[in-house]
Protein chains: 2
Amino acid sequence: MSEKGAVTVARTVLQQCLRATLQVRPAEEDSEAQFVQIERGMVIYICFFKGATDDILPKMVSSLLNLRLCESDSGKMVSVAELPGSLLIVPQATLGGKCKGRAMQYHNNISKEDGLRLYGAFVSLCERELTAAAVTVKHGTYGNRQMPSFDFMDKVELFVRA
Amino acid sequence: MSEKGAVTVARTVLQQCLRATLQVRPAEEDSEAQFVQIERGMVIYICFFKGATDDILPKMVSSLLNLRLCESDSGKMVSVAELPGSLLIVPQATLGGKCKGRAMQYHNNISKEDGLRLYGAFVSLCERELTAAAVTVKHGTYGNRQMPSFDFMDKVELFVRA
């Protein structure tokens, strides 16, 4: 979300998938690992930076969900809702990394509390926007180690929304 | 590859993987689809923009390959060469996309000819840099439709090098 000269406060990377699985909870002594899974659709990795506020979310969500990124069976470019496809949202703090020598630094990332709140609001907005389109929305758990598995990716379309 | 105020001429997204497969040639009437595959290591998606030249490559390759992004078995952060892991390079023109209404535009992407040349040079430099470390380098075919399959991703670390 930035214009020339503006500060970047969120970054997303989108990938189209035929199937995507995300481990949302690792296995523990007395419980098995938990997963969420979608079939054909789109994965959104998202990271908020310092300065991000709730008022950026509606435009961001609307823009992401209505972008014509997906190729329909007839070859027409459509949105994930029009596909119709499912949506998997993955919190990805490493999108905020900057190289410092050989190490990565994340000083520009939002605080964990604010990030958790914005992430929750982002997921809710996506769910609300996509209810009418009967699109399934699944999401990862903020702060947990994510273990995604992409059984097959069709025409990966990564891009950066800065 | 940008400083404040400088023009971005290349963008990469990195993902760590336990295994990654890329279809480099689709099936045709008289031939089966062709794939390249790596086991544990790193996937680099790369896109060059207008203004990118060969002289950005050495620093870019050195920086990408020496970043401590990978978690070793002992939990220490190491580079892909130190892991030791393999490398899969994927040309990804969609990294240069910008939203224009609901559509994506790629006006800032480098010409196909220059992109092909830079991509080849980038792959060669990676191979040269990693020969000593006995790291396997596989790569996608520039301009072809890529069909990656990630059997399992361990701690996806996406980030943007702009």
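Every read-out reported here was derived from the displayed coordinates using simple, explicitly stated rules and does not represent laboratory data. These figures come from a predicted structure and were not determined experimentally. Cβ: placed from backbone, ideal geometry, glycine included. Neighbour counts: every protein chain shown.
When every residue of region B:117-134 is checked against the conditions, none turns out to be small (Gly, Ala, Ser) and either closer than 24 Å to residue A:18 by Cα or surrounded by 20 or more Cβ atoms within 10 Å (Cβ to Cβ) (or both).
Taking region B:85-131 as the range and being within 12 Å of another protein chain (Cβ to nearest Cβ) and without any contact (Cβ under 8 Å) to a residue 40 or more places away in the chain as the test, the residues that pass are B:97, B:98, B:99, B:100, B:101, B:102, B:103, B:104, B:105, B:106. Which numbered condition trips up residue B:60, out of (1) touching a residue at least 24 places away in the same chain (Cβ under 8 Å); (2) within 13 Å of chain A (Cβ to nearest Cβ); (3) out of contact with any strand residue (DSSP E or B) (no Cβ under 8 Å at 6 or more places or on another chain)? Tallying (1) touching a residue at least 24 places away in the same chain (Cβ under 8 Å); (2) within 13 Å of chain A (Cβ to nearest Cβ); (3) out of contact with any strand residue (DSSP E or B) (no Cβ under 8 Å at 6 or more places or on another chain), residue B:60 fails exactly one: (3). Residues that are in contact with a helix residue (DSSP H, G or I) (Cβ under 9 Å, 6 or more places away or on another chain) and more than 14 Å from residue B:46 (Cα to Cα) were ranked within region B:132-148; the one that is nearest to the other protein chains (Cβ to nearest Cβ) is B:133.
Within region A:64-78, identify whether any single residue is within 26 Å of residue A:116 (Cα to Cα) and small (Gly, Ala, Ser), and answer yes or no. No, region A:64-78 contains no residue that is within 26 Å of residue A:116 (Cα to Cα) and small (Gly, Ala, Ser).
Restricting attention to region B:67-77, the residues that are surrounded by fewer than 16 Cβ atoms within 10 Å (Cβ to Cβ) and among the hydrophobic types (A, V, I, L, M, F, W, C) total 1.
The strands (runs of 3 or more DSSP E) falling completely within region B:1-66 that include 1 or more residues that are buried (at least 20 other Cβ atoms within 10 Å of the Cβ) and not aliphatic (A, V, I, L, M) map to B:10-17, B:19-25, B:41-48.
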